[in-house]
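The values are calculated or read from the model by the stated rules, or taken from the named source; none is laboratory data. Just so it is clear, the structure is predicted and the values come from calculations on it, not from any experiment. Cβ: placed from backbone, ideal geometry, glycine included. Neighbour counts: every protein chain shown. For the accessible areas, the whole protein counts, side chains as well, though only heavy atoms, and no ligand, DNA or RNA atoms are used. Shrake-Rupley method; radii C 1.70, N 1.55, O 1.52, S 1.80 Å.
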Amino acid sequence: MQDFVDIGRGRTARRVYGLNQVDIVPSRRTRSSHDVDMSWKIDAYQFDIPVMAHPSDAVVSPQFAIEFGKMGGLPVINAEGLWGRAENLEAALQEIVEASLQEIAEASLQDEYVNDANLSNRVLQKYHAMPLNRELLAERLQTVRDSGVRFGVRVSPQNARELAPFVIASGVDLLVIQGTLVSAEHVHRDGEPLNLKEFIGSLDVPVIAGGVVDYTTALHLMRTGAAGVIVGSGPTTNNDVLGIDVPMATAIADAAYARRDYLDETGGRYVHVIADSALSTSGDIAKALACGADAVSLGAPLAAADCAGTPNVFWPSTAAHPSAPRGVIESVGVQEPVSLERLLFGPTSSPFGDEDLVGAVRRSMAKCGYTDVKSFQKVGLVVR
């Protein structure tokens with residue numbers, strides 16, 4: 001039963017919950033973590049872990065994409081990012097990092113993550129304003145393809161019609177159509193509307209689409225034929241800029257309910273729910289799966305890897321928006337970057353859930369008596 005409260009005369013609002021307000025309840029039976037199967041199968045592709053990388057150049061370097069893929073995750077490359085714009089990718093990333101460090105040095109308050117100059121966002125915007133070099137992008141995608149790993153490529157809804165055929169021809173395994181908020185039909189005053197049902201139906205690869213934060217939009221996206229729906233706007237400043245946000249525990253649960261209704265509606269077509277917001281620790285990942293997610297998309301937590309594009313510095317792709325940036329370029333706060341293996345599987349000496357991300361989730365599932373993600377979605381929850 002949904003809980004509504006009065007916020008003024010004639011205006012009510014639904015009470016919703018974030019992952020930090022929800023906790024998992026263990027059952028009477030526990031299992032060994034060695035018995036837990038964390039594999040994730042979406043469409044024809046199977047991955048060892050239910051984790052995809054948020055499509056940020058700060059995380060997904062060519063080296064990261066290959067290592068992450070070999071460790072069983074799904075790397076997602078931003079087709080509209082620096083891979084196809086900067087001839088010297090390492091130098092471009094370093095310039096953004098140095099601008100961020102300059103901001104921190106100039107900040108008047110120690111806790112202030114960005115000052116009024118917003119220098120690093122302007123540097124990022126400068127690079128994103130450069131023309132997209134498709135040959136350069138194809139060359140770098142081929143490097144990942146030659147490694148043999150499965151990977152996805154992200155395009156924005158605004159540019160999907162133009163870029164998707166090129167990306168698919170480059171040999172991508174999954175296409176990710178992602179924005180901060182995505183609907184089943186993107187209407188553009190100066191152009192032809194993008195009807196995702198028609199568009200996805202015309203493609204030869206499975207599509208993951210999002211983000212969504214409510215039941216209705218999630219259900220409509222599922223009806224487009226998408227193999228997966230991203231829940232959440234990513235690690236953005238959407239609330240500050242647009243005033244739009246729904247806490248993730250509720251958003252995931254609503255999308256999972258839409259998944260169930262769509263499964264009944266179609267007589268058995270299952271669409272995966274992928275959580276992409278407010279995920280900082282292994283505990284957050286466990287709670288997202290418990291609320292109904294099939295997989296998670298991680299950004300800042302993976303920036304602590306030594307093979308990331310800019311180790312210890314992270315920004316979402318939306319930080320480069322030309323007129324309304326919705327993302328911060330900031331340090332993720334690690335003393336020293338660590339290996340991707342330690343970050344995902346341990347061992348670790350950190351007691352805060354920022355390393356051994358997958359291993360800790362496996363342990364959480366075992367403590368509650370579950371051996372796979374699908375059954376773990378039925379675990380008991382409490383609200384603080």
To the nearest 20 Debye, how big is the dipole of the chain about its Cα centre, given +1 on the beta carbon of each Lys and Arg and -1 on that of each Asp and Glu? 1380
Under 5 Å from the placed amide H of His272, counting only residues 5+ away or on other chains, we find Gly228, Val229
Under 20 Å from a label point 7 Å along Cα→Cβ of Val382: give me every residue in the range 224-263 with its amide N that close. 249-250
A 1.4 Å probe over the protein heavy atoms gives the range 1-140 a carbon and sulfur accessible-area percentage of 46
With the other protein chains left in place, how much accessible area per residue, in square angstrom, belongs to the range 224-347 at a 1.4 angstrom probe? 33
When Lys and Arg each count +1 and Asp and Glu each count -1, what net charge do the other residues less than 12 Å away from Asp146, Cβ to Cβ, add up to? +1
Once both label points are put 7 Å beyond Cα along the C-beta direction, the Gln102-Asn239 separation in nm becomes 3.1
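Placing +1 at every Lys and Arg Cβ and -1 at every Asp and Glu Cβ, with all other atoms neutral, what dipole size does the range 279-384 have around its Cα centre, in debye to the nearest 20?
Here the size comes out at about 520 debye.
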Once you list every other residue whose beta carbon is under 14 Å from the beta carbon of Gly299, what net charge do they have if Lys and Arg are +1 and Asp and Glu are -1? -3
Skip the ligands, DNA and RNA, and give the accessible area per residue of the range 1-108 with a 1.4 Å probe, whole Å². 52
Over the chain, what is the relative contact order in whole percent, taking alpha-carbon pairs under 8 Å and six or more residues apart? 23
May I ask you to compute the full-extension gain from Tyr270 to Ser349, defined as 0.36 nm times their residue separation minus their alpha-carbon distance, rounded to one decimal in nm? 24.6 nm
Residue by residue through the range 53-62, the couplings from Karplus 6.51 cos²θ - 1.76 cosθ + 1.60 with θ = phi - 60°, in Hz, x for Gly and Pro, are 8, 4, x, 10, 5, 5, 9, 8, 7, x
Whose amide H sits under 5 Å from the amide H of Val51, counting only residues 5 or more places off or on another chain, with H placed in the peptide plane? Leu74, Val296
Dimensionless Rg/Rh of the range 265-384, both radii on Cα and Rh by Kirkwood, sits at 1.03
Taking 8 Å as the Cα distance limit and 6 or more residues as the minimum spacing, I'd like the relative contact order of the range 14-99 as a percentage. 19
Which label belongs to the value computed from this structure, given these candidates for Cα extents along the principal axes in Å: [x] 56, 55, 52; [y] 61, 56, 54; [z] 74, 49, 38? [x]
